[in-house]
Structure formats: C-alpha cells, structure tokens
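Each remark here refers to the structure printed beneath this line.
FYI, it's all coordinate maths here, none of it is from the lab. Keep in mind it's a predicted model, so treat the numbers as computed, not measured. Here the Cβ is made from the backbone with ideal geometry for all residues, glycine too, and neighbour counts use every protein chain on show.
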Amino acid sequence: MDIDSLQKLLPAVDVSSFVSNYTALLSEDGRISKDQCLPNEIPCDESTPYRRYNGWCNNLKQPHFGNAFETLIHLLPPAYDDGPNGEILNCTPCDSHETISVHCAPIEVPDGDPFFPTHYPNGERRCLPFVRSLLGQLTLGYRGQINQITAFIDGSAIYGSTVCENNLLREFERGLLKSSMLGLGNVEALPHGTQEARRIVIAQQQHIVFSELLPKLLGLELLEKHSLLPQSDGYFTGYNNTCDPAISQPFATAAYRFGHTLVRRMFPRMDNNFRPVSDPIDLASHFGFVEPLYNFTAGGMDSILMGLLSTPSMAFDRHITSALRNHLFERRGESASGMDLIAINILRARDHGVQPYNDFREFCGLKKAKTFEDLRAQMSSSAISALKSVYDDVDDIDLFPGLTSEDPVKGALLGPTMACLIAEQFARLKQCDRFYYENGDVAGQFTPGIFLICTRSYLNSHI
C-alpha cells in the first residue's frame, strides 16, 4: 500500500484510549472541575443571539466548527519528513528519549552563529529550547496541532474561550470582569457586564478589524476579491453554513506573524505633549520584567502608551530587531540565555508540516519558481541573495522567510503571498461566522440603531 492510500485510512484509527489530549491543560489550579471546561455536545438554541464562549453551535449543522480545542487545518497536504532530523535532535542534553520528552526538538546553534556561542562553558553543545505543539487529534495519520482558543473574532482575549476560563475572569459582582487599568487615564472602559454588552463589544472589535486593520494590511484589490470590506449599506447576506472557519496552518505559523518584522527595539516614554520624559525602554532586557509599568517617576504605563502613539513601527521587511532574534526571554545577568523568535517561527512551521514558500506562491496564483531568478518580480535582489546564501534550492525556502522577503503590493503593507493567506483566513472568519456583526440572516440581528453604533466604532474612539 502506498503512503497516500495509507494516510487516507489512518485517521479512522482511534487512539484515545492510550494518547492524552488537551484536557491536561484545563483547570490547572484545581478550583474548577475539568468537566466544566470540556466542550459539551449540548443541543443548539437557534433563537439565541449570543455566541457560546467555546464557539459551540455557531454553526447549527456542524456545531464543532470553530470551537476551542479544534485542530488547525491545512490548505495544502502536510509536508512532513519521514522521520526526525538527526542533526536537530542530537543536541545535548536533548539527545535521548530517556532524558528528554519526545516533544522536544531543540534548535542546535550552528557553527559561526553571529551571536550565540556554539558551546556552553562546560563544553556541551548549545541548543535553543523548542517544544513541539500539542497533539490535537486522537486518531492516527498526519499529526494535527490544537488551537486552544476559538477560531472566531469573538473577544475571547477578553472573555476566554471556555466557560471555566470566563468564570476565572469574572468578579461575579455587578457583571464586572477582573481587570487592571494601568493604561491612559482616559481610556474608555468597555461595557463588559452583560451578554448583550459582550455582543456589542465583539461587534465593535469585528468592525475595527474589517474596516481599519485589513485595509492597511491587504490593500483594496484583495479586500474586494474576498468581499472583506464592510457593507456600505444594509446587512451582510453571505453567511455560509457549509464552510469551516478553523484557523489555517500557514496563517498561524507564518503569515499572521508579520508583526514580528514591525517591532522596535527601543520604546520611548512620552508625556501628554509627546515630549520624552526619561530614557527609552530597551526591549532586549525587559522580556518578562514589568518594572517599567510601575515606574511612575518615568510616567508608568501612560508614558509608554504615549510613546507608542507617537512612534512609528519598523518597516515590513525581512529585517528583524535583534531584541527578538537574540534576546527573547533573556535572563538578566546571563549572556546569550535568550532565544531566537525567527528560528522558532521557522521550526514551528516545520513542526506543523507546513508546506514551503514556493508551494504557497502557486496556491496564491503566482508562478511557482523554478529558480531563484523567478522570484525577482516579488523580491529585491538583496532579498534573493540572502535566501540563496541559506537555501540550496528555491523549493527549500521556508514559509516565513519567503513571506517576509516579498516586497509589499501597491496600497498594502504586506507582500502578495502573505496578504493572500491572511485574506483567505479572514474571508472564512466572516463568511463562516453566524454571529458576524453585519449578518442579517440570523435570529437576533442587531437593530438598525445598535448596528449603526457598531459601525461607527473605530480604534481611536476607545483611546
């Protein structure tokens, strides 16, 4: 039997009796029973205008679509090697299943690395820690990775993605959420108290994403192609109850990590008149250290936010700040104890079996490159030269380096392949969401008055 035929049969083999899954993540503090956190296959209420925290019943025909703890989906067949790369796994002390979990896939520091020494002072080979993503499915076949939150744009960062997570976030007093207002004194406190208020907050979040964020990222052409622009009049009628909103692997592991290229190393502190009030904060020495937030002599969080408002981000390109490349989560006083975020991005995509950059060029309608010279329509000569110095073949280019090497398309922040993958994802997050704020085909659609309020909500109105 060939591999393709075998891979079609393996997912039917249930291994749940001896393979654990995500339940180990639930209720770690023991205060809430795991039974309260697990997805419950309860009947769907077609009449409610309120979405469940875990996404269950958003789709009435396929209630699990978009749920928390569903697996990420591939847009192309997974691209795993037949076995582990010995050069990656042979990294002391991660050199044996007897001493390290099989979920460890450390990144060996190569000879000649410009920052990290190849060996520790005791002579051991240096490796950067990397833990494989949690197994998402309980069947055989290609490894599937779990998404611990819902797929939808649903305020889950505020309210949580399970009932028990939401319970931990609530005060259970006057409908309040546990929160700390460290920011600007005039930041508007969002109305979190009731399900109706939650529904409005989610609608405002969705409107900001589709009316402000996506136009900046993608440009008008892709917005129109994927029907991503908000309605100019009336309600949206394109809800599709057959589509799956699940987050795609290339979106999660590469395309939506575009923000890593925008991060500055130095963060200025400004007063209300946008004048410096102290020395800037060096990101490289502040991963996991919160004292700048409480340094009220230097303006606390207010001065940091004012600095962010007055300082542009870095450009979208293949250049990443050294704070992320060399000092991620670095321990103070321990030189070279940090991690490399971009190396993690690359290995994360490999861990998930994500196809290389050239395959997604073709997926997005570009000509599949046969040589490095075929990349010239989308990349600069310097970007191509940098890729050639690392990869032997154009088909070997990992997705994240390929995406960030592209020149932005006209009227957009991002290059064509990255913009395509993000547009594909957000098109499904709009069309597959029964509770999408513009949807006029569901029970409990917004009244014209509330709908108008939501469509007049912009990010600057909440600052």
* Asked: Highest mean first, what order results for 216-228, 426-438, 64-76 on Cβ atoms within 10 Å?
  -> 426-438, 64-76, 216-228
* Structure fact -> Per the rule of 0.36 nm per residue minus the C-alpha distance, extending residue 124 to residue 263 adds in nm 46.8 nm
* **Set 368/430; 216/370; 216/430 screened for pairs whose C-alpha atoms are more than 20 Å apart** => 368/430; 216/370
* Rounded to the nearest 0.05, what FRET efficiency is calculated for residue 460 and residue 241 with R0 set to 35 Å and r the Cβ-Cβ distance? -> 0.50
* Considering the Cα trace of the stretch 307-463, what is its radius of gyration and what is Dmax, both in angstroms? -> 20.5, 59
* Asked: How much space per residue, in cubic angstrom, does the convex hull of the C-alpha atoms of the stretch 195-455 take up?
  -> 178 Å³
* Asked: Spin-label point model (7 Å from Cα, Cβ direction): what's the residue 158 to residue 311 distance in nm?
  -> 2.8 nm
* Amide H within-cut-off set for residue 236, under 5 Å, with H built and near neighbours excluded -> 439, 440
* Structure fact -> Under the rule rounded for a/c under 1.5, else prolate if a/b exceeds b/c, else oblate, using alpha carbon gyration tensor axes a ≥ b ≥ c, the stretch 400-463 is classed as oblate
* Structure fact -> Sorted by chain and number, the residues with a modelled amide H under 5 Å from that of residue 277, at a separation of 5 or more or across chains, are 269, 270, 271
* Amide proton proximity set for residue 73, modelled H, under 5 Å, gap of 5+ -> 247, 248, 249
* **Size of the stretch 261-331 as Cα extents on the principal axes (Å, biggest first)** => 34, 28, 14
* How far apart, in nm, are the 7 Å Cα→Cβ label points at residue 196 and residue 441? -> 2.7 nm
* What FRET efficiency comes out for the pair residue 42/residue 290, r = Cβ-Cβ distance, R0 = 51 Å, nearest 0.05? -> 0.80
* Can you tell me which of 325-334, 150-159, 127-136 comes out highest on packing, and rank the rest after it, using the mean Cβ neighbours within 10 Å? => 150-159, 127-136, 325-334
* Structure fact -> For the stretch 195-455, averaging the sequence separation of alpha carbon pairs under 8 Å that lie six or more residues apart and dividing by its residue count, the contact order in percent is 30 percent
* residue 297 paired with residue 389, simple spin-label distance in nm, labels 7 Å along Cα-to-beta-carbon -> 4.4 nm
* Asked: Mind listing the phi-derived Karplus ³J(HN,Hα) values for the stretch 71-76, rounded to whole Hz, using 6.51, -1.76 and 1.60 with θ = phi - 60°, and x for any glycine or proline?
  -> 7, 5, 10, 8, 8, 10
